[in-house]
């Protein structure tokens, strides 16, 4: 990279300056709500709602976090959600990647029909009640498998992956591989997968985040307290700490105190539920730099 | 590699087939076998009443399953000693499943698929469900006669509770709550008395006087911090609870203003105040205030959180002069509550000599239908009925509302009882109650003979409500009150009403907000009335009138 | 459409079609059967790879599809989900004739079309921009940060808007006042509802959306850049001739998919942002369906509205897909 810099033209220097400036600006604008959530989670909720908390936290207290963590169900929730996310993502990837590869092969005649078969379900569905009855009859409700199997294939992810395979795996590669007597299985595992780190990590991230944030599956299909995912636990805590619109029965000396900080809970919950997912991101990001490999193999 | 992939494929297919087809439950190690009975196989619904045989499995104790929809603060029902005692007294063990949030989403799935427990408790089932799911709920009429002495006594003492529990088809599917002690009004209007005193102003009694007071609040810095940060008047977002519409009561309209639907009854005629001339005048008045900056400029765009936060002011000064809420502690917080007083309804103008009332919501606050419901899937109906009856024992009812004897209520030993202050000094009495028992969500009957001293919160509320007494006493309950919970709409009518209301409420909301912020009510009133009529207001009134007339005929 | 696609894509249907239509071209058909057999033998591995996904989708998406009938039937609990009386298009007519129909469609389209117009290009521009950042550490921080707002819940995001846009106390409200726009309450205005909705959405989700484009950019062959540099191409030209073309397939596919959401808007955010001052532009199909179900379950009616939505969405998807295939030879199916 260094060697190139001396050949920089004036317009390229200017270009770089604009890029960095814009990025800095975008960074500030987009980072702000995140920063706001962090400071709001440790501030006096009254001051937050009144608009006094903008740059620095005010009336600092850890009430929100205290409320979240004094509920012991949260640890059960964490445990369950981690299990569901790992199992669910693994299973989803096992289904999605090979299917996407198949559908990316131009010689696979049935592929357009199968794509239609998949895409159709993005729009048409039988509704919640028939799905509930089916899952119940299969005995999947109230088990961890309801988080793993029924909604394992996300058609959107499948389409994106297929499109990626189609466009970034050079066609000559398969031709030369078949000349060596390479099967699809072999080609997929030893050439396509290693070349597709970027898309694999993105799709994995999509699945991880979707499964991590999913509360609806738990709400509808889980009745057992010990199988409840994190998001449901957090929802309960959030609702228990809301400012009660009904007002009925609340009040008194201490009521004022509770209400003052209760709203901090909703910010704390975002931090508590998001931090673990953020941990995944650096792993994903690492692979964005590895596009180099295509060139290497080709060369 | 090829082998490796093939193995993964085969495993994944096998996994799918085994789990999918044999319904193999891998997670049977649940606590207390909770899900055991409620997942009994058949999800078909046959209308026939199940035979009253006791369950074959257990010794002589009957096991019932129940879903309880409670307040989100409420602790696990398993840990409530008074409920445990009621189970013992009825000779049953109840496996509770408690829902604290998201019931709306779960309910239609459970009911429509017929996957229901023996009992529903709390805010679970409403009248519309009985019509929509025929055959799913157990008619209790005969069972009550045979096995429920407490319920019988309640119905004898308070015949209106029987009426409240009787569905339009003549069956009783659910049993009510009657909590007796609650006030008649849900809304209180309050003003900062210290500000008034400081500015040498009287408590306003008419809209015009209010206008002058608000004007002074705005311009004369009553909180004394040198900034014009006072919000002279503020009300809650929407058209419902704690809205300025309650001021119509000073103009002779009796309604439960908290529901925001505008329905009321005047001389036996069902009407809607959102198309009343008096409402038009109120809107004109509020626009005048808004235009001059006397109303919070964000009154229509703030959320409830912000509304409450503004009420609490800053650490140094209160911010809001005149506002609406449940009571001052709840509305402006403990710090500033002592500065506020509740004030009587305001007359529209000084020489108005028509009737003056106040928000009337006695039915809504004290009565509720269907707080406990049995399904036809229940196998031991006798035991279930005996358990349901326990809630209507007066001593049990009291504990359902306020918490267990010894923990939340003291037995004075002379037949009188007293609600104890919270054991946790951090908690207010309301939170304490909601945490320890089913409270207002529970089925209960507080008999008129029960001698119970209420907690400090309810006593304070009674104090605040003294100013409203004459205006509430003046109400002709028989002819001027919409008998809310006693009206049982048929499924068709209910469905039609909800479709009509989806359109009407939009017209109401948008015009209300626009007229107050921008004005124009005089010019647009006629076209608004026309639009309301086109959107089906006459039909909605017709439906309601029909039910009201039927109700009156039965009285 | 469905049939035609089966004919084009599914080979077996095509054979039957030939026999039925012409009757005599048996030789061709046997040739075809032979070809099918050969192709299957050739492609059996591909079938094995796609089969698990097909099974899962079939079981959990196609089997419950009988529920679609509900839109054409009167819901009757005693006869099961789809056992009620067949009423045909009754509920569709009810919706089309309903008082707010035109307004609902207009509002829904206004939100979704603006969302596509602004929300679709935003992540692409972000990705192209970030791709120009050469300092690795800076780039990483940048990427990690911009995707974080995606995790903020809708409730909190709307609460944040209330705080920021408040004309009295919010930062943005104050800035507007600096520009002399005193009485503008961005949350309570029919003309600002859509911009506020769309821009705050872009603000929150553009960074997340750029991830997929960054992934696509990372697979560009670096030799292309080297070659371009040797030719003395400016950075602008490299973006135009190398980066953007490499994003086109992803762009087209995502565009087709977003056109399939033409009558969909998020429910929660619209609902939370609604107030009396903007309700005339903020009532959309999703919030309407929610409201009609508030007092009583309108299973059939809401199923019909849902189906109406779906059909229109799907038509847009199919049309866009067709256009994309004709013009750019890129398509979903």
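Read the figures in this text as sums done on the coordinates, not as results from a lab. It should be emphasised that the depicted structure is a prediction, and the values quoted were computed from it without experimental measurement. No Cβ is skipped: glycine too gets one built from the backbone with ideal geometry, and neighbour counts run over all protein chains shown.
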Discussion item. Need one number: nm distance between label points at residue B:416 and residue C:31, each 7 Å from Cα along Cα→Cβ, rounded to one decimal.
Written reply: 10.6 nm
Fill in: Helix A:111-123 axis, angle to chain A major axis (alpha carbon atoms, nearest 10°)
10 degrees
Worksheet item: Per the helix-only calculation at 222 nm, which mean residue ellipticity applies to the protein assembly as shown, given -39500 (n - 2.57) for every DSSP H run of n ≥ 4 and division by its residues, nearest 500 deg cm²/dmol?
Response: -17000 deg cm²/dmol
Discussion item. I'm checking a number: the convex hull volume of the Cα atoms of chain C, normalised per residue, in Å³. What is it?
Written reply: 231 Å³
Worksheet item: How would you classify chain A from its alpha-carbon gyration tensor, with a ≥ b ≥ c the square roots of the eigenvalues: rounded for a/c under 1.5, else prolate if a/b is greater than b/c, otherwise oblate?
Response: oblate
Item to complete: Take the alpha carbon atoms of the range B:363-423, find their center, do the same for the range C:177-221, and report the distance between the two centers in whole angstrom.
Response: 53 Å
Practice prompt. Treat the count of other C-beta atoms within 10 Å as a stand-in for reagent exposure and order C:238, B:233 from fewest to most.
Written response: C:238, B:233
Worksheet item: Other chains near C:136-144: what is the mean number of their Cβ atoms within 10 Å of each residue's Cβ?
Response: 4
Worksheet item: How are the Cα pair distances of the protein assembly as shown distributed, in percent, across 20 Å bins from 0?
Response: 10, 37, 36, 15, 3, 0
Worksheet entry | Nearest-ten-degree value, helix A:230-240 long axis tilted from longest Cα axis of chain A | 30 degrees
Item to complete: Using only the Cα atoms of the range B:200-339, each taken as one equal point scatterer with no solvent, compute I(q) by the Debye sum, divide by I(0), and report log10 of the ratio at q = 0.12, 0.16, 0.18 Å⁻¹.
Response: -0.50, -0.88, -1.09
Worksheet item: Scaled to the compact-protein estimate 2.2 N^0.38 Å, what is the alpha-carbon radius of gyration of the range B:264-342, rounded to two decimal places?
Response: 1.39
Discussion item. Using Cβ contacts closer than 10 Å as the measure, can you line up A:114, A:237 from fewest to most?
Written reply: A:114, A:237
Worksheet entry | Simple spin-label estimate for residue C:106 and residue A:60 in nanometres, 7 Å along Cα-Cβ | 5.3 nm
Worksheet entry | Convex hull volume per residue for the range B:182-254, taking Cα atoms only, in Å³ | 118 Å³
Discussion item. Checking the a/c ratio against 1.5 first, then a/b against b/c, what shape does the Cα gyration tensor give for chain B?
Written reply: prolate
Worksheet, complete the sentence: Neighbour-count ranking for B:437, B:219 (other C-beta within 10 angstrom, fewest to most) reads B:219, B:437
Worksheet item: Does the range B:401-453 classify as rounded, prolate or oblate by the C-alpha gyration tensor (a ≥ b ≥ c root eigenvalues; a/c under 1.5 gives rounded; else a/b over b/c gives prolate, otherwise oblate)?
Response: oblate
Item to complete: Would you mind getting me the FRET efficiency between residue C:63 and residue A:279? Use the beta-carbon distance for r and R0 = 41 Å, nearest 0.05.
Response: 0.65
Fill in: Reciprocal mean inverse distance between Cα atoms of the range B:72-191 - Kirkwood radius, Å
17.0 Å
Item to complete: Return the percentage of antiparallel bridges among DSSP beta bridges fully within the protein assembly as shown, rounded to the nearest 5 %.
Response: 50 percent
Worksheet item: Using Cα atoms only, what is the angle between the long axis of helix A:264-278 and the major principal axis of chain A, expressed in degrees (0 to 90) to the nearest 10?
Response: 20 degrees
Discussion item. Full-extension gain between residue B:527 and residue B:492, please, as 0.36 nm times their residue separation minus the C-alpha to C-alpha distance.
Written reply: 9.6 nm
Response to the item:
If N is the residue count of the range A:1-151, its Cα Rg over 2.2 N^0.38 Å rounds to 1.74
Worksheet item: Hey, if you drop one equal point scatterer on each alpha-carbon of the range A:72-240 and run the Debye formula without solvent, what base-10 log of I(q)/I(0) do you get at q = 0.15, 0.20 Å⁻¹?
Response: -0.90, -1.26
Worksheet item: GNM on chain C, C-alpha springs below 10 Å: top fluctuator among C:174, C:134, C:93?
Response: C:134
Discussion item. Suppose each label sits 7 Å from its Cα in the direction of the beta carbon; what would the residue B:267-residue B:466 distance come out to in nanometres?
Written reply: 3.7 nm
Worksheet item: Based on the Cβ-Cβ distance of residue A:14 and residue B:220, what FRET efficiency does E = 1/(1 + (r/R0)^6) give at R0 = 56 Å, to the nearest 0.05?
Response: 0.45
